[in-house]
1. Ranked highest first by average number of other Cβ atoms within 10 Å, how do B:105-117, A:178-190, B:244-256 line up?
2. Could you work out the pair-distance distribution P(r) of the range B:144-198 from its alpha-carbon pairs, with 5 angstrom bin width and percents rounded to whole numbers?
3. List the relative contact order of the range B:4-273 as a percent without decimals, with contacts defined as Cα pairs under 8 Å and 6+ residues apart.
4. What does the highest-first list of A:131-142, B:12-23, B:191-202 look like by mean Cβ count within 10 Å?
5. Ignore the peptide's own chain and count Cβ atoms of other chains within 10 Å of each Cβ in A:181-191; give me the average, rounded.
6. Got a sec? Which residues in the range A:112-144 would a label at residue A:81 touch, if it sits 7 Å along Cα→Cβ and we count backbone N under 19 Å?
7. Taking amide H positions as placed in the peptide plane 1.01 Å from N, state which residues far from residue A:98 in sequence (5 or more) or on other chains have amide H under 5 Å from it.
8. For the residue pair residue B:223 and residue B:210, what label-to-label distance in nm results when each label sits 7 Å from Cα along the Cα-to-beta-carbon direction?
Number of protein chains: 2
Amino acid sequence: MSAATTGIQDRYPTRVVAETRPDLIERTEPAVWPGWTQGPATPEELRAHEENGFHITRGLLNEEEVRSFRDELTALTRDPKVRADERTIVEKESDEVRSIFEAHKISERVEKLVRDPKVLDHARQILGSDVYVHQSRINYMPGFRGKGFYWHSDFETWHAEDGLPGMRCVSLSVALTDNHPYNGGLMLMPGAHRTFVPCLGGTPKDNYKSSLKEQRIGVPAEEDIALLAERHGIEQFTGPAGSALWFDCNSMHGSGSNITPFPRSNVFIVFNSVENTPAEPFAAERRRPEFIAARDFTPVHY
Amino acid sequence: MSAATTGIQDRYPTRVVAETRPDLIERTEPAVWPGWTQGPATPEELRAHEENGFHITRGLLNEEEVRSFRDELTALTRDPKVRADERTIVEKESDEVRSIFEAHKISERVEKLVRDPKVLDHARQILGSDVYVHQSRINYMPGFRGKGFYWHSDFETWHAEDGLPGMRCVSLSVALTDNHPYNGGLMLMPGAHRTFVPCLGGTPKDNYKSSLKEQRIGVPAEEDIALLAERHGIEQFTGPAGSALWFDCNSMHGSGSNITPFPRSNVFIVFNSVENTPAEPFAAERRRPEFIAARDFTPVHY
């Protein structure tokens, strides 16, 4: 059953089969929602988030915390049970762990981070409501041969394949390694979160199995990327380990390859508003597994 | 006939077949050679070159000159005679021109640049002698899907495959497009030019045919790259179009991929000292074609 049959209005049609490139859709929703006034996010951070679709908080984790998160990551990647878990993505050629999904259910440290007031209240300030975790993971990108990830909006996928109706969702990426301008860190287009870019092509069955490694569907046309880059420019998420990037679900972002010896790892948590819960996918035959797109909408509390 | 049979001493053995990683070789030659005192390079630039193995000259070309070089490049890539020339590297998938070798013989503009006192005398100041062009080319790297180039020392190849005996050779890369930190520009390790990294593995026949696209032979071991990066750090060649990078033949450098819409193109000229002319290759069965490694050692004059 897809959303088409549920009667929920699709404000962001995508994965369309069309002769011509579909029109861009200007967003009417805010990035920062009213309704939650207490929390660690400063007015400047919230203004930047509304305007650019992202903002960076330095030193969310201190050196000691970074070290223990990294140790935890190492321990998890060595745990045979974790490696064998379907929520763990292991790269075939190298036999190395790339991502561990549902990290907040697997790692107590990540679970605590999700409930930490400086994280949870920050998310609630942005989304203006109670929130739950739509997705979480720990990522490990190797040096020397780290592949990049092409330009995309996460919301495009979460709308098409998971059924998130609106853009009331925010991601937190906490760097566990230093992000240099040259080791494949995230690039974002400030302000491009205000534009939804419909993508061409239908969603293949079980698309997530390949799309987590390399996205081929839900990829914007080059003309659209060029237009947005021309209009908004490109910024990089750089900074020492422990820095945190909050970015809107519709931020246009991507990353290049990493040939430097400096690997990158991060904890990635997606908070969705409890007023934006998904029903059926808008452009896929069936739902993705719950470890990729949660169906338990219980609000997070301290 | 390889250099092994000519009796010329091989100070930089490479392409070795070994059980263990060969030792790194510390260079005894300078990067800036005495003997030429007049020219546009400032004492600071020469000091930086000696110490780091590279330096950047801003505004070597002004906006008008950049524009005419770019127009020339466009005209050349559209010229059926140039496209059919063996000196032109055309990417099969896209049918786009990536490089035009012997650019100084094909383009009058490049030829003039080579003879321009602000270029020629700069090269002579660094190499301390008369110079000739070992190689020249115009490069065009597309946006969206520009592939990077893995870490390497140019000298390693020019020594192994062309027979350059010593490190008395310098490259000039003139940016014809803006180099951002995020569109796949050159990365260098300042100071790593003082270390020669012998590489494992023999040179296949006609290696240049594939190595110009992706280098598989003459690639340093990951441990060596990690060691040099740890010791020297990484810097990027960024700056507006018209900026010029002078870099020593043994600089350890590489570049990441480019997924941004901003392509990169540059003019690349390799000056070799007339006192460092090659005889036979040190680690290859036969010489590469002359459009890749010149055998005409006539000094360049105004």
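Bear in mind these aren't lab numbers, they're just calculated from the coordinates by the rules spelled out. Computed from a prediction, not measured in an experiment: that's the story for all the values here. Cβ placement follows ideal geometry from the backbone for every residue including glycine, while neighbour counts extend to all protein chains displayed.
1. B:244-256, A:178-190, B:105-117
2. Using 5 Å bins, I get a P(r) of 4, 13, 21, 24, 17, 12, 8, 1 for the range B:144-198.
3. Taking the mean separation of contacting Cα pairs over the length of the range B:4-273, I get 34 percent.
4. Answer by packing, highest mean first, reads A:131-142, B:191-202, B:12-23.
5. Mean partner shielding for this stretch: 3.
6. A:112, A:138
7. Placed amide hydrogens put A:89, A:90, A:91 under 5 Å from residue A:98.
8. 2.6
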